[in-house]
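For reference, the structure discussed in these notes is given below.
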Amino acid sequence: MANIVRRPDWYIPESQVTPEAVFRNRRRFIRELGLGAAGISLLPQISPAAETAPPPKGYPFKRNAAFNPGWKLTDQQVAESYNNFYEFSLDKEQVRLLTGKFTTSPWPIEIKGLCENPMTIDAEELVTQMPMEERVYRFRCVEAWSMIVPWSGFPLSKLIEKAKPKPEAKFIRFETANRPEQFPGMTSPRTARYPWPYFEGLRMDEAMHPLTLLATGFYGKPMPKQNGAPIRLVVPWKYGYKSIKSVVKIEFVAAQPKTFWETLGPDEYPFESNVNPKVPHPRWSQATERVVDTGDRIRTQLYNGYADQVAKLYPGA
Ligand code: MTE
């Protein structure tokens, strides 16, 4: 008995991991997964230049062994071409194609509000100052699709420690860049009325939780624009809309801040928004999810599989 290894509840056996060679041969990969023409049409062609470009400085960062459970990663091209980033478009497959004008360097981030050490720091500087690592996380969108992504980044808690929040700071508010000239969705007829710029919030204990990341890249390279370059939040036990992209402002506040989606639909997108298969969205079930690249339907897990780590934050739940 003593030798039995207790697997975390999110463990997937090695036998289910797709061999790396399959990833290298994209066409065979698609065939093996049984994706038909519909699946293929969703995917962009990779240019030879993109395949042979040298890896950017620092990347890939060392994968943290505690977050490397051997899951089959989501096909990278699907993760990069099926995006929710309403500043560009409501159409997931259009987002990537509309990012041409979006400039992500320099990228000053303002850290302010109830803290001893407010600062403005560039995203590129953070990459050199923070303890960068790679972590494989599940990611679950409120629309009932999911992916498994290797993020590069650092715990948000490390930046919070630098800013030294005051005791009265109970929440953190995040804001995305406000650039109507670069984000066509901010002025397009269908989305111009939205309360731009995109904003989100976390309780301080959620923000300080070791799972909460500020991610500057994924799949061993800097973040693609459509995935939230140059820096985004990743909160893996909450629905994906909490993971705000292209962050320019981080503010310590005393009262629970409003969020973008809560403002648009308070009954559908509450502040907390923890993944819970037993609490349906008012318009659809959350009991299962579609694995975004394979199309498989799997059961959704409480807190997206991170209950061991985060259930203690929600004692009454
Ligand atoms: N952040 C901003 N600024 N704008 C957005 O529209 N969409 C959210 C979240 N962060 C969004 C955002 C939603 S609904 C999801 S599911 C994830 O980003 C999608 O991240 P991905 O495109 O990298 O998969």
Roughly to the nearest percent, how much of the accessible area of the range 230-317 is carbon and sulfur, given a 1.4 Å probe?
55
Could you state how much accessible area SER246 has, in square angstrom rounded to the nearest 10, with a 1.4 Å probe and all protein chains kept in place?
0
Hey, how many Å between the Cα centroid of the range 144-191 and the Cα centroid of the range 276-307?
23
Can you tell me the order of 152-165, 118-131 when each peptide is scored by its average per-residue count of other Cβ atoms within 10 angstrom, highest first?
152-165, 118-131
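Please compute the net charge surrounding ALA229, taking Lys and Arg as +1 and Asp and Glu as -1 over other residues with Cβ under 15 Å from its Cβ. Can you show the working numbers first?
Working: positive: ARG96, LYS101, ARG179, LYS221, LYS225, ARG232, LYS245; negative: GLU80, GLU87, ASP122, GLU124.
Residues near ALA229 contribute +3 overall.
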With all protein chains in place and a 1.4 Å probe, ILE172 shows an accessible area in Å² (nearest 10) of 0
Checking rank on 204-211, 222-229, with mean other Cβ inside 10 Å and highest first, the result is 222-229, 204-211
Average accessible surface area per residue within the range 14-313, 1.4 Å rolling probe, Å²
46
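Sort LYS101, LYS249 from largest to smallest accessible area, using a 1.4 Å probe on the heavy atoms of the protein chains. Display every interim value, and only then the final one.
Values: LYS101 145, LYS249 60 Å².
Descending order: LYS101, LYS249.
Counting only other residues whose beta carbon sits under 15 Å from that of VAL292, what net charge do I get with K and R as +1, D and E as -1? Kindly include the intermediate steps, with their values, before the conclusion.
On the way: positive: LYS72, LYS92, ARG96, ARG138, ARG140, ARG290, ARG297; negative: ASP75, GLU80, GLU93, GLU143, GLU289, ASP293, ASP296.
After counting each charged neighbour, the total is 0.
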Taking N as the number of residues in the range 14-313, what value does Rg over Cα atoms divided by 2.2 N^0.38 Å take?
0.97
Report, in whole Å, the centroid distance computed from the Cα atoms of the range 73-138 and the range 223-268.
11
Where q = 0.08, 0.12, 0.17 Å⁻¹, what log10 of I(q)/I(0) comes from the Debye formula for the range 48-186, counting one point per Cα?
-0.29, -0.69, -1.38
Ordered by residue, what ³J(HN,Hα) values in Hz, to whole numbers, does the range 311-316 give under the Karplus form 6.51 cos²θ - 1.76 cosθ + 1.60, where θ = phi - 60° and Gly and Pro are x?
4, 5, 6, 10, x, x
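Compute the signed sum of charges (Lys and Arg +1, Asp and Glu -1) over the other residues within less than 13 Å, Cβ to Cβ, of PRO266.
Numbers: positive: LYS258; negative: GLU262, ASP267, GLU268, GLU272.
Local charge sum for PRO266: -3.
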The range 184-316 - Rg (one decimal) and Dmax (whole number), Cα, Å
15.7, 44
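The values are calculated or read from the model by the stated rules, or taken from the named source; none is laboratory data. Fair warning: this is a prediction, and the values are worked out from it, not measured in the lab. Every residue, glycine as well, gets a Cβ built from its backbone with ideal geometry; the counts of neighbours run over all protein chains shown. Each accessible area value is taken on the protein alone, full model and side chains, heavy atoms only, with ligands, DNA and RNA left out. Shrake-Rupley method; radii C 1.70, N 1.55, O 1.52, S 1.80 Å.
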